[in-house]
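Single-structure report; data block below.
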Amino acid sequence: VQWHTLQQFGHFRGGEVLIEAATPWLFGCAWRLRERPQATLLAAPVIVVVALWLKLSALVLLVPLLGALFLWHSWPDRRRPWARVPWLLGFGMAMILTGIGLHMTFFRLGPTPAAAPPIVDYPIGLASFAALSPWLAATGLGSLVGRICWWFGQDSEAIWRTFALPSSVIGVAAWWWGWRHWIRPLASPLRYAVMWMLTGNVALMAFLYVRGSTISVEDRHLRPVATLIILAAAYAAATATPVLRRVTQIAMLLIAAYGLGAAAQRSVALARLDSRGAADFCQQQFSSAAQSHFRQLTAPLAPRTAIIYFPSAEIAFEDSRQRRIISDDLTRDTRSMRQHRWQGRVPYVLAMIRDDMEADGRGAAIRAAFVDYPAYIWRSERAGGWWFWIADRPPG
């Protein structure tokens with residue numbers, strides 16, 4: 001019944017839907033492994049690799065999940081330290097080998113979306129938002145607040161950062177209600193598991209926010225673990241008093257209705273888009289006029305003779321013939337942009353910069369990152385709200 005599992009994403013979100021679909025299977029696998037320490041050593045690396053392959057932010061889910069398995073298997077031997085050594089060595093070795101494998105096959109290949117200069121501001125507001133996030137994600141209220149802010153021309157991230165006191169009050173109320181009416185009725189092993197996962201995810205997100213990680217202030221990062229709240233609410237509806245059962249059922253119906261409404265609204269919005277790209281991908285950022293101009297510029301080029309800079313991953317679907325530099329600079333501001341540095345020359349370089357990027361200085365910073373191309377050799381053309389900066393002549 002989570003509304004976001006029904007949402008038809010019209011913009012690129014990587015493995016967002018995939019990790020949400022895999023989350024119940026990850027939880028179920030961990031639950032079965034709690035009685036099988038040897039199987040845990042073999043399965044833990046597989047769980048890590050599969051989850052991170054679906055979406056890198058699955059790390060937020062994996063840390064408390066694997067931590068729970070580690071504590072569960074270590075706890076029976078807490079009074080016999082030497083008896084725990086084989087398990088500690090085995091688990092540690094499995095995690096080390098997994099980390100080495102991920103580094104060799106993924107992390108060493110380039111920066112990740114979170115690899116940007118840290119920005120430390122409004123730590124209390126961000127910590128309060130992290131505590132509230134599971135409840136916003138489970139109910140869809142986080143996206144509803146974001147939509148309302150968009151209607152009034154406000155930035156929802158700025159609101160969550162600065163309104164620490166209201167977020168804290170609402171968060172305390174949500175945790176109190178959820179614990180008393182939905183989580184506490186669970187049997188003790190399930191109750192402890194649900195609270196461990198919820199608090200572990202919240203603590204990890206709060207730590208990342210407060211240390212200045214460049215992660216968007218959105219409840220979607222905790223949508224996978226919010227699945228547990230929905231499941232706990234469904235269980236409570238079957239065992240609670242008639243009044244609480246009715247309240248829970250109404251809440252679940254409202255969440256589901258919001259999900260169906262979001263899916264319908266998104267489908268209508270996508271049907272009205274006129275910016276279907278070359279790969280039959282609906283481009284919400286890259287207008288149809290910009291696409292047409294892009295094809296005019298790149299069609300005469302021989303394959304593999306140019307380098308094209310794309311400020312967002314989904315726009316890179318528009319070309320598969322040339323070498324591509326793909327970033328997420330479109331979603332960042334000047335403070336959180338990575339410090340790029342690209343060396344060497346090719347016959348043709350094309351950097352696509354949206355109007356707002358050109359206006360706030362991101363465009364100039366991106367062109368300066370091509371260190372072997374002085375500013376005077378760039379020329380520009382504009383179409384569909386985008387600037388097309390071209391370097392196709394040698395310096396001198």
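The values are calculated or read from the model by the stated rules, or taken from the named source; none is laboratory data. If you're wondering where the values come from, they're calculated on a predicted model, not measured in any experiment. Glycine also receives a Cβ, built like all others from the backbone with ideal geometry; neighbour counts cover every protein chain displayed.
Quick look at the numbers
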quantity	calculated
Members of segment 235-249 that are in a helix (DSSP H, G or I) and either touching a residue at least 24 places away in the same chain (Cβ under 8 Å) or surrounded by 14 or more Cβ atoms within 10 Å (Cβ to Cβ) (or both)	Tyr235, Ala236, Ala237, Thr239, Leu244, Arg245, Val247, Thr248, Gln249
Answer residue from segment 286-323, given it is closer than 29 Å to Glu157 by Cβ and free of Cβ contacts under 8 Å to residues at least 40 places away in the same chain and is surrounded by the fewest Cβ atoms within 10 Å (Cβ to Cβ) among those	Ala316
Flag for Ile230 being touching a residue at least 24 places away in the same chain (Cβ under 8 Å), within 19 Å of Leu132 (Cα to Cα), in a helix (DSSP H, G or I) and touching a Phe, Trp or Tyr at 6+ places or on another chain (Cβ under 9 Å)	no
Condition check for Val145: surrounded by 20 or more Cβ atoms within 10 Å (Cβ to Cβ), free of Cβ contacts under 8 Å to residues at least 40 places away in the same chain and either over 17 Å from the mean Cα position of the chain (by Cα) or not in a helix (DSSP H, G or I) (or both)	no
Selected residue [loosely packed, with under 14 Cβ neighbours inside 10 Å and under 22 Å from the mean Cα position of the chain (by Cα)] from Arg335, Arg341	Arg335
Residue match in segment 110-120 (condition: modelled with pLDDT of 75 or more and more than 27 Å from Val202 (Cβ to Cβ))	no
Test result for Arg84, modelled with pLDDT under 75 and among the charged types (D, E, K, R)	yes
Test result for Met252, among the aliphatic types (A, V, I, L, M), in contact (Cβ under 8 Å) with a residue 40 or more places away in the chain and on the phi < 0 side of the Ramachandran plot	yes
Residues being under 17 Å from Val349 (Cβ atoms) and either acidic (Asp, Glu) or in contact with a helix residue (DSSP H, G or I) (Cβ under 9 Å, 6 or more places away or on another chain) (or both) - total across segment 286-324	13
Scan of segment 364-375 for residues that are in contact with a Ser or Thr (Cβ under 9 Å, 6 or more places away or on another chain) and without any contact (Cβ under 8 Å) to a residue 40 or more places away in the chain, ordered by number	Ala365
Cβ pairs under 7 Å, 6+ apart, first in segment 176-188 and without any contact (Cβ under 8 Å) to a residue 60 or more places away in the chain and assigned to a helix (DSSP H, G or I), second of a type in the set (Val, Ile, Thr) and surrounded by 19 or more Cβ atoms within 10 Å (Cβ to Cβ)	Gly178/Ile229; Ile183/Val194
Single residue of Leu18, Leu26 found to be at pLDDT 75 or above, surrounded by 12 or more Cβ atoms within 10 Å (Cβ to Cβ) and within 24 Å of Thr199 (Cβ to Cβ)	Leu26
Looking only at segment 184-238, and only at residues there that are farther than 19 Å from Pro24 by Cα and of a type in the set (D, E, K, R), the one that is nearest to the chain's Cα centre (by Cα)	Glu218
